[in-house]
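Here is the structure we will look at.
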Amino acid sequence: MGRAFGIGPRATVAAATAILAAWLFVVVPSTAADGGPHDAAANSGISTLAADSCAGCHRAHTAPGEMLVAAPSPDELCLSCHGSAGLGATTDVTLGIQFRAAGSLSGTPQDETDPTAVAGALRGGGFLSARIGSGSDADAANRPIRISYPRWDATAGRLITWFSTKVPVLPAGQDVTSAHLALPGAVAVTPTGTAWGNGPLGSASTGPVVELRCASCHNPHGNGRYRILNPIPAPDVISGTFTEVASPGVSVTDATQPPAGEIRNYTVIEAPVLGDVGSDPTAGDYWRTYRPWDGVPTYDPIDPLADSHGIVPATGSFGDQPAGTTGATWRTQMTAWCAACHTRYPAPGSAATTPSIDAVYTYRHQTNQTACTVCHVAHGSNAEMPGTITGDFPYPDGTTAASSRLLKINNRGTCQACHDPTGTIPYTGVVDNP
Ligand code: HEC
Ligand code: HEC
Ligand code: HEC
Ligand code: HEC
Ligand code: HEC
Ligand code: HEC
């Protein structure tokens, strides 16, 4: 180990710190650069060589946990703040919610049933329970709500519809049915431990068996990246060969830091900081993890044959990136990051019709327009797969286990969220997110 302290992105952090320092007399930057104790500048030694932070998480001689952590295990350390009994953070990744304020470290756990205490549901879902409204949202006539958009099919030379849906937030948590980590207390998660698709196309194995923990994906020391995601995730290998992504890895761009005294909003509600989240903890949309469907294009039937084929674009029509982040590259970065372990999953549009050399990952759904985190959550999902086909769906190696595969919609409603393979559903002119 020890990889975390090499050369590389530190230079960028240094430059950014220098720029911030120059503005100190005007703006006081947040000292908690990546939130809480995950302060890259403090932990790296760039801002101080007298860091206080190490002592919060490590013991030099008397550590109860591996890697000298001050908890029975590295994951329990994280959960001492981000878990249900933990009070040191606003985000509770076990329940999949963000509280309005962190409790005091010596106080009693916060009340998840108190809507005034809960700001909203976390983008990653949750490890024990989650609030993903994975069933169809019904309209007044009890029909599932789908939003249709006009789209010009250049091959067919006609207007077709393009779909989306809303995946709302539930008022209370439900047990998760799949999760990246099977934490103690997860009643319906059957772990495989397999980093599916890791290794180049044509590999004999569908993926090695590894041991994941929080720090496989996140760098607890902070690194200035989105959700402190490790650019080179490297879980411990149990069996098989794990192929790491080539150096310097995949960097997911972070949003600008919240102003001093503010906490980031980690919910599916569109708001930059926690203080801006409204009073409804069931607000937001899981389908586009970062923003609701604002700016749906409209169809102008008066001018259907103009260059735009009558489709009047709306700004940000498909949503781009979490509010405050830089650039629409975010989705591409996130897909590339997931692919740092699931190497064979990302695919261009042509991969549905052009076979790869892989015996299992032969034809693949595109991910160049649809990021992994459109269809999947990162931590855990409560979606249900009661269908006879989806309920016991085989993994790439042929083994079966009941699992919702971190999807956000029940059974394969995921597919129907975007496609009408019958070609019979017209553009309805619906422009509002119901
Ligand atoms: C928020 C808690 C936290 C803080 C603060 C923290 N660490 Fe860690 N550190 C961890 C955890 C958890 C691991 C184990 C990571 C793993 O499981 O791979 C770790 C691993 C390490 C490692 C070995 C792996 C690596 O990344 O190189 C070193 C060295 C280390 N910490 C040093 C420090 C120093 C020095 C400080 C203070 C400047 C510090 N840590 C602050 C939680 C923390
Ligand atoms: C397989 C990789 C992976 C593992 C394992 C993992 N995380 Fe995450 N985590 C992510 C990703 C990716 C996001 C960003 C999700 C998004 O924005 O859609 C995230 C987001 C978060 C957030 C922000 C809240 C949210 O839900 O978006 C927190 C806090 C967090 N993780 C803590 C943890 C802790 C604590 C653990 C261990 C119990 C853990 N993570 C395990 C990948 C992982
Ligand atoms: C550090 C490596 C790593 C990264 C990064 C990673 N995964 Fe995984 N993923 C795994 C492993 C290991 C498993 C098997 C977990 C288990 O069941 O024990 C897994 C399982 C899954 C599953 C199947 C879950 C089930 O129910 O069986 C899905 C879906 C998935 N990952 C999607 C993603 C997405 C989307 C991302 C990016 C947000 C991502 N992964 C990032 C290692 C990773
Ligand atoms: C001493 C308490 C504490 C411990 C221990 C701790 N965190 Fe945090 N963490 C926080 C606080 C506070 C924040 C700021 C956001 C919030 O209130 O949840 C945060 C934020 C985060 C974020 C979001 C960072 C971003 O870029 O915005 C992630 C991801 C995260 N923690 C993961 C972890 C993981 C993984 C561990 C264990 C290795 C861990 N945390 C241990 C207190 C803690
Ligand atoms: C269009 C929606 C969609 C997108 C985008 C998507 N997935 Fe999936 N994913 C699914 C569905 C549906 C399944 C369930 C298995 C199936 O139907 O083949 C699944 C299953 C998985 C599994 C479990 C193993 C398996 O194949 O059954 C992993 C791992 C996974 N996806 C990773 C990813 C990664 C990584 C990305 C981004 C590169 C991604 N997915 C993008 C829909 C999607
Ligand atoms: C987020 C929206 C979205 C979801 C969810 C989604 N798709 Fe797609 N799908 C697309 C896009 C975009 C394309 C690229 C072809 C295009 O531009 O029309 C595509 C292409 C395809 C193709 C190839 C057709 C072609 O003409 O290239 C098939 C088959 C397909 N999807 C089936 C599925 C299935 C099955 C599911 C569920 C597992 C699914 N899709 C989920 C958006 C989606």
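The values are calculated or read from the model by the stated rules, or taken from the named source; none is laboratory data. What you see is a predicted model, and the numbers here were worked out from it, not measured in a lab. All Cβ positions, glycine included, derive from the backbone under ideal geometry; neighbour counts span all protein chains shown.
Annotations
- Members of the range 237-266 found to be closer than 24 Å to Ser44 by Cα, away from ligand 4 (no atom under 13 Å from the Cβ) and either touching a Phe, Trp or Tyr at 6+ places or on another chain (Cβ under 6 Å) or not small (Gly, Ala, Ser) (or both), listed by number: Glu244, Val245, Pro248, Val250, Pro259
- If only residues of the range 314-351 that are among the aliphatic types (A, V, I, L, M) and at pLDDT below 95 are counted, the one that is farthest from Ser205 (Cα to Cα) is Ala314.
For every residue, the table says whether it meets (1) buried (at least 20 other Cβ atoms within 10 Å of the Cβ); (2) outside any loop (DSSP other than H, G, I, E, B); (3) away from ligand 2 (no atom under 16 Å from the Cβ); (4) of a type in the set (A, V, I, L, M, F, W, C).
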residue	(1), (2), (3), (4)
Ala340	yes, no, no, yes
Tyr345	no, no, no, no
Ser356	no, no, yes, no
Ala359	no, no, yes, yes
Ala383	yes, no, no, yes
Thr388	no, no, yes, no
Gly398	no, no, yes, no
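- Among the residues listed as Ala195, Ala188, the single one being within 16 Å of ligand 2 (Cβ to nearest atom) and under 22 Å from the mean Cα position of the chain (by Cα): Ala195
- Whichever residue in the range 209-220 is in contact with a His (Cβ under 9 Å, 6 or more places away or on another chain) and in a loop (DSSP other than H, G, I, E, B) and, among such residues, is farthest from ligand 4 (Cβ to nearest atom): Leu212
- When Gly125 is tested against (1) on the phi < 0 side of the Ramachandran plot; (2) touching a residue at least 40 places away in the same chain (Cβ under 8 Å), exactly one condition is not met: (1).
- Flag if Ser148 is surrounded by 19 or more Cβ atoms within 10 Å (Cβ to Cβ), away from ligand 5 (no atom under 16 Å from the Cβ) and assigned to a loop (DSSP other than H, G, I, E, B): no
- All of (1) surrounded by 12 or more Cβ atoms within 10 Å (Cβ to Cβ); (2) away from ligand 4 (no atom under 16 Å from the Cβ) hold for Ala378 with one exception: (2).
Residue-by-condition table, conditions (1) closer than 15 Å to Val237 by Cα; (2) within 16 Å of ligand 4 (Cβ to nearest atom); (3) part of a strand (DSSP E or B):
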| site | (1), (2), (3) |
| --- | --- |
| Ala188 | no, no, no |
| Gly197 | yes, no, no |
| Gly207 | yes, no, no |
| Gly222 | no, yes, no |
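- Complete set of residues in the range 172-185 that are under 19 Å from the mean Cα position of the chain (by Cα) and away from ligand 6 (no atom under 16 Å from the Cβ): Gly173, Gln174, Asp175, Val176, Thr177, Ala179, His180, Leu181, Ala182, Leu183
- Number of the condition not met by Ile147 [criteria: (1) modelled with pLDDT of 80 or more; (2) touching a strand residue (DSSP E or B) at 6+ places or on another chain (Cβ under 6 Å); (3) hydrophobic (A, V, I, L, M, F, W, C)]: (1)
- When Thr282, Thr241, Thr298 are screened for being modelled with pLDDT of 90 or more, polar (S, T, N, Q) and within 30 Å of Gly133 (Cβ to Cβ), only Thr282 passes.
- Thr267 modelled with pLDDT under 65, touching a Gly at 6+ places or on another chain (Cβ under 9 Å) and closer than 16 Å to Gly124 by Cβ: no
- Flag for Asp75 being closer than 20 Å to Ile228 by Cα and either assigned to a loop (DSSP other than H, G, I, E, B) or away from ligand 6 (no atom under 16 Å from the Cβ) (or both): yes
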